[in-house]
Amino acid sequence: MGSVKLFFSLLIDSFKAFKKEFPEYLGSYLAMLILNLVACYPFEGMGFEQNSFHEIVLQIIVGIMSLIVIVNVILIEKSKAKNLDKEELMYAAPTYLIYTLYSTLLILAGLFCFVVPGIIIAVLVGMVPLASVLIDNDSVNYFKISYRMARKDAVLVICFGLATLIMELPTFGLDLIPNWKVQLGASFVYSFFDSAVMVILTITSVRVFYHLKRALNDPS
(Lines give C-alpha, C1' and ligand atoms only; values in the text may rest on other atoms or scores of the structure.)
Protein backbone atom coordinates (compact mmCIF):
# COMPACT_ATOMS: atom_id res chain seq x y z
CA MET A 1 0.00 0.00 0.00
CA GLY A 2 1.33 3.45 -0.93
CA SER A 3 2.26 5.83 1.88
CA VAL A 4 -0.42 8.39 1.02
CA LYS A 5 -3.11 5.73 0.76
CA LEU A 6 -1.89 4.17 4.01
CA PHE A 7 -2.12 7.51 5.81
CA PHE A 8 -5.71 8.07 4.71
CA SER A 9 -6.53 4.50 5.72
CA LEU A 10 -5.13 5.16 9.21
CA LEU A 11 -6.97 8.50 9.33
CA ILE A 12 -10.30 6.88 8.43
CA ASP A 13 -9.74 4.11 10.98
CA SER A 14 -9.02 6.76 13.59
CA PHE A 15 -12.22 8.60 12.72
CA LYS A 16 -14.20 5.37 13.07
CA ALA A 17 -12.56 4.65 16.43
CA PHE A 18 -13.38 8.18 17.60
CA LYS A 19 -17.04 7.68 16.72
CA LYS A 20 -17.33 4.13 18.03
CA GLU A 21 -15.52 4.77 21.32
CA PHE A 22 -16.53 8.41 21.76
CA PRO A 23 -17.22 8.10 25.52
CA GLU A 24 -13.56 7.16 25.98
CA TYR A 25 -12.43 10.30 24.17
CA LEU A 26 -15.18 12.57 25.51
CA GLY A 27 -13.08 14.07 28.29
CA SER A 28 -10.25 14.95 25.90
CA TYR A 29 -12.68 16.35 23.35
CA LEU A 30 -14.41 18.56 25.91
CA ALA A 31 -11.09 19.77 27.30
CA MET A 32 -9.87 20.66 23.80
CA LEU A 33 -13.21 22.35 23.06
CA ILE A 34 -13.02 24.49 26.20
CA LEU A 35 -9.47 25.54 25.32
CA ASN A 36 -10.51 26.43 21.77
CA LEU A 37 -13.44 28.46 23.07
CA VAL A 38 -11.18 30.29 25.53
CA ALA A 39 -8.80 31.06 22.66
CA CYS A 40 -11.72 32.76 20.87
CA TYR A 41 -11.84 35.54 23.47
CA PRO A 42 -12.23 38.79 21.45
CA PHE A 43 -9.38 40.90 22.84
CA GLU A 44 -9.67 43.56 20.13
CA GLY A 45 -13.43 43.78 20.63
CA MET A 46 -12.81 44.33 24.35
CA GLY A 47 -10.53 47.28 23.60
CA PHE A 48 -7.11 45.59 23.68
CA GLU A 49 -4.51 46.17 20.97
CA GLN A 50 -3.85 43.44 18.43
CA ASN A 51 -1.37 40.86 19.78
CA SER A 52 -1.50 42.49 23.20
CA PHE A 53 0.40 41.05 26.15
CA HIS A 54 -2.77 39.52 27.58
CA GLU A 55 -3.61 37.84 24.27
CA ILE A 56 -0.10 36.40 23.86
CA VAL A 57 -0.08 35.04 27.42
CA LEU A 58 -3.49 33.43 26.92
CA GLN A 59 -2.42 31.84 23.64
CA ILE A 60 0.70 30.39 25.27
CA ILE A 61 -1.34 28.93 28.13
CA VAL A 62 -3.91 27.49 25.71
CA GLY A 63 -1.11 26.03 23.58
CA ILE A 64 0.52 24.29 26.54
CA MET A 65 -2.79 22.97 27.85
CA SER A 66 -3.70 21.72 24.36
CA LEU A 67 -0.47 19.70 24.27
CA ILE A 68 -1.40 18.15 27.62
CA VAL A 69 -4.78 17.12 26.20
CA ILE A 70 -2.96 15.61 23.22
CA VAL A 71 -0.79 13.59 25.61
CA ASN A 72 -3.94 12.28 27.27
CA VAL A 73 -5.22 11.00 23.92
CA ILE A 74 -1.82 9.44 23.19
CA LEU A 75 -1.93 7.63 26.53
CA ILE A 76 -5.42 6.32 25.77
CA GLU A 77 -4.14 4.87 22.50
CA LYS A 78 -1.04 3.48 24.18
CA SER A 79 -3.11 1.69 26.83
CA LYS A 80 -5.30 0.17 24.12
CA ALA A 81 -2.32 -0.92 22.02
CA LYS A 82 -0.57 -2.55 24.99
CA ASN A 83 -3.76 -3.71 26.69
CA LEU A 84 -2.70 -2.04 29.94
CA ASP A 85 -4.19 0.53 32.28
CA LYS A 86 -3.79 4.13 31.14
CA GLU A 87 -0.66 5.77 32.55
CA GLU A 88 -0.80 8.87 34.72
CA LEU A 89 -0.89 12.08 32.72
CA MET A 90 1.25 13.94 35.23
CA TYR A 91 4.24 11.72 34.41
CA ALA A 92 3.98 11.68 30.62
CA ALA A 93 2.97 15.29 29.94
CA PRO A 94 6.21 16.99 31.09
CA THR A 95 8.31 14.64 28.96
CA TYR A 96 6.14 15.29 25.91
CA LEU A 97 6.31 19.06 26.45
CA ILE A 98 10.08 19.01 26.83
CA TYR A 99 10.68 16.99 23.67
CA THR A 100 8.15 19.09 21.76
CA LEU A 101 10.19 22.14 22.79
CA TYR A 102 13.47 20.49 21.73
CA SER A 103 12.01 19.53 18.34
CA THR A 104 10.50 22.97 17.79
CA LEU A 105 13.80 24.70 18.54
CA LEU A 106 15.59 22.46 16.03
CA ILE A 107 12.95 23.19 13.38
CA LEU A 108 13.14 26.94 14.03
CA ALA A 109 16.92 26.80 13.79
CA GLY A 110 16.60 25.11 10.40
CA LEU A 111 14.02 27.63 9.21
CA PHE A 112 16.21 30.48 10.43
CA CYS A 113 18.99 29.28 8.14
CA PHE A 114 16.86 28.38 5.11
CA VAL A 115 13.33 27.10 4.61
CA VAL A 116 14.31 23.73 3.13
CA PRO A 117 16.59 22.65 6.03
CA GLY A 118 13.78 23.54 8.42
CA ILE A 119 11.33 21.33 6.52
CA ILE A 120 13.84 18.46 6.42
CA ILE A 121 14.46 18.75 10.15
CA ALA A 122 10.69 18.86 10.78
CA VAL A 123 10.33 15.52 8.99
CA LEU A 124 13.30 13.95 10.76
CA VAL A 125 12.19 14.95 14.28
CA GLY A 126 8.44 14.65 13.67
CA MET A 127 8.10 11.48 15.75
CA VAL A 128 10.28 12.59 18.68
CA PRO A 129 7.50 13.82 21.04
CA LEU A 130 5.44 10.69 20.35
CA ALA A 131 8.44 8.45 20.96
CA SER A 132 9.02 10.11 24.35
CA VAL A 133 5.56 8.93 25.48
CA LEU A 134 5.05 5.69 23.56
CA ILE A 135 8.47 4.16 24.26
CA ASP A 136 9.09 3.11 27.87
CA ASN A 137 12.77 2.29 27.48
CA ASP A 138 14.68 5.31 28.83
CA SER A 139 17.88 4.22 27.10
CA VAL A 140 16.32 4.78 23.65
CA ASN A 141 17.40 7.88 21.75
CA TYR A 142 14.08 9.40 20.64
CA PHE A 143 15.73 11.56 18.00
CA LYS A 144 17.48 8.55 16.51
CA ILE A 145 14.31 6.47 16.28
CA SER A 146 12.44 9.41 14.75
CA TYR A 147 15.23 9.75 12.20
CA ARG A 148 15.01 6.03 11.38
CA MET A 149 11.24 6.28 10.97
CA ALA A 150 11.60 9.23 8.60
CA ARG A 151 14.18 7.29 6.60
CA LYS A 152 11.85 4.29 6.49
CA ASP A 153 8.82 6.20 5.18
CA ALA A 154 9.30 9.96 4.88
CA VAL A 155 6.13 10.32 2.82
CA LEU A 156 3.98 8.91 5.62
CA VAL A 157 5.52 11.34 8.12
CA ILE A 158 5.06 14.21 5.66
CA CYS A 159 1.40 13.29 5.16
CA PHE A 160 0.78 13.55 8.88
CA GLY A 161 2.62 16.88 9.05
CA LEU A 162 0.66 18.30 6.13
CA ALA A 163 -2.65 17.15 7.62
CA THR A 164 -1.77 18.95 10.85
CA LEU A 165 -0.86 22.14 8.95
CA ILE A 166 -4.01 22.01 6.82
CA MET A 167 -6.09 21.71 9.97
CA GLU A 168 -4.62 25.02 11.18
CA LEU A 169 -5.37 26.95 7.97
CA PRO A 170 -9.04 27.70 8.79
CA THR A 171 -7.93 29.18 12.12
CA PHE A 172 -5.57 31.57 10.35
CA GLY A 173 -8.34 32.38 7.88
CA LEU A 174 -10.74 33.25 10.68
CA ASP A 175 -8.19 35.69 12.10
CA LEU A 176 -8.42 37.68 8.85
CA ILE A 177 -12.12 38.45 9.34
CA PRO A 178 -12.22 42.23 9.98
CA ASN A 179 -15.42 42.27 12.05
CA TRP A 180 -14.61 40.88 15.49
CA LYS A 181 -18.21 39.86 16.16
CA VAL A 182 -18.37 37.79 12.96
CA GLN A 183 -14.91 36.37 13.72
CA LEU A 184 -16.03 35.41 17.23
CA GLY A 185 -19.15 33.65 15.96
CA ALA A 186 -17.28 31.78 13.23
CA SER A 187 -14.50 30.77 15.63
CA PHE A 188 -17.05 29.57 18.18
CA VAL A 189 -18.75 27.30 15.65
CA TYR A 190 -15.46 26.05 14.18
CA SER A 191 -14.15 25.13 17.64
CA PHE A 192 -16.52 22.15 17.84
CA PHE A 193 -15.17 20.73 14.58
CA ASP A 194 -11.56 21.68 15.28
CA SER A 195 -11.56 19.92 18.65
CA ALA A 196 -12.79 16.67 17.10
CA VAL A 197 -10.24 16.84 14.30
CA MET A 198 -7.42 17.41 16.78
CA VAL A 199 -8.36 14.27 18.72
CA ILE A 200 -8.70 12.24 15.51
CA LEU A 201 -5.33 13.43 14.19
CA THR A 202 -3.70 12.55 17.50
CA ILE A 203 -5.15 9.04 17.30
CA THR A 204 -3.81 8.86 13.74
CA SER A 205 -0.36 10.01 14.84
CA VAL A 206 -0.12 7.14 17.32
CA ARG A 207 -1.16 4.65 14.64
CA VAL A 208 1.42 6.10 12.25
CA PHE A 209 4.07 5.75 14.96
CA TYR A 210 3.24 2.13 15.74
CA HIS A 211 3.13 1.28 12.03
CA LEU A 212 6.62 2.69 11.51
CA LYS A 213 7.87 1.04 14.67
CA ARG A 214 6.69 -2.35 13.38
CA ALA A 215 8.22 -1.62 9.97
CA LEU A 216 11.58 -1.07 11.67
CA ASN A 217 11.17 -4.23 13.78
CA ASP A 218 12.08 -2.03 16.73
CA PRO A 219 11.88 -3.95 20.03
CA SER A 220 11.88 -0.92 22.34
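Relative contact order of segment 92-211, taken over Cα pairs closer than 8 Å and 6 or more residues apart, is 20 percent. With a cut-off of 12 Å between beta carbons, the residues surrounding LEU169 carry a summed charge of -3, where Lys and Arg count +1 and Asp and Glu -1.
Using the 1.4 Å probe convention, the accessible area of segment 76-220 works out to 56 Å² per residue with neighbouring protein chains retained.
In the full protein context, segment 17-72 carries 59 Å² of accessible surface per residue, based on a 1.4 Å probe and ignoring ligands, DNA and RNA.
Here is the size of segment 66-152 from its Cα atoms: Rg then Dmax, 13.8, 44 Å. Pairs of alpha carbons in segment 164-217 separated by more than 18 Å make up 48% of all such pairs. All other residues whose Cβ lies under 15 angstrom from that of GLY2 are scored, Lys and Arg at +1 and Asp and Glu at -1, for a net of +1. Rg and Dmax over the alpha-carbon atoms of the chain stand at 18.0, 57 Å. Counting protein heavy atoms only, segment 117-186 has 68 percent of its accessible area on carbon and sulfur, 1.4 angstrom probe.
Of the whole protein surface, MET198 contributes about 40 Å² of accessible area at a 1.4 Å probe radius.
Got a number for carbon plus sulfur as a percent of segment 11-75's accessible area, 1.4 Å probe? About 68 percent, which is the carbon plus sulfur part of the accessible surface.
Convex hull volume of the Cα atoms of segment 16-69, normalised per residue: 83 Å³.
Its relative contact order, with pairs defined as Cα atoms under 8 Å and 6+ residues apart, puts the chain at 31 percent.
In this simple spin-label approximation, ILE177 and LYS152 carry label points 7 Å from Cα along the Cα→Cβ vector, and these lie 4.3 nm apart.
The values are calculated or read from the model by the stated rules, or taken from the named source; none is laboratory data. From a predicted model like this one, the values you see are computed outputs, not experimental measurements. Reconstructed Cβ throughout: ideal geometry from the backbone, glycine too, with neighbour counts over all protein chains shown. Just so you know, the surface numbers come from the protein's heavy atoms only, side chains and all, with ligands and any DNA or RNA stripped out. Shrake-Rupley method; radii C 1.70, N 1.55, O 1.52, S 1.80 Å.
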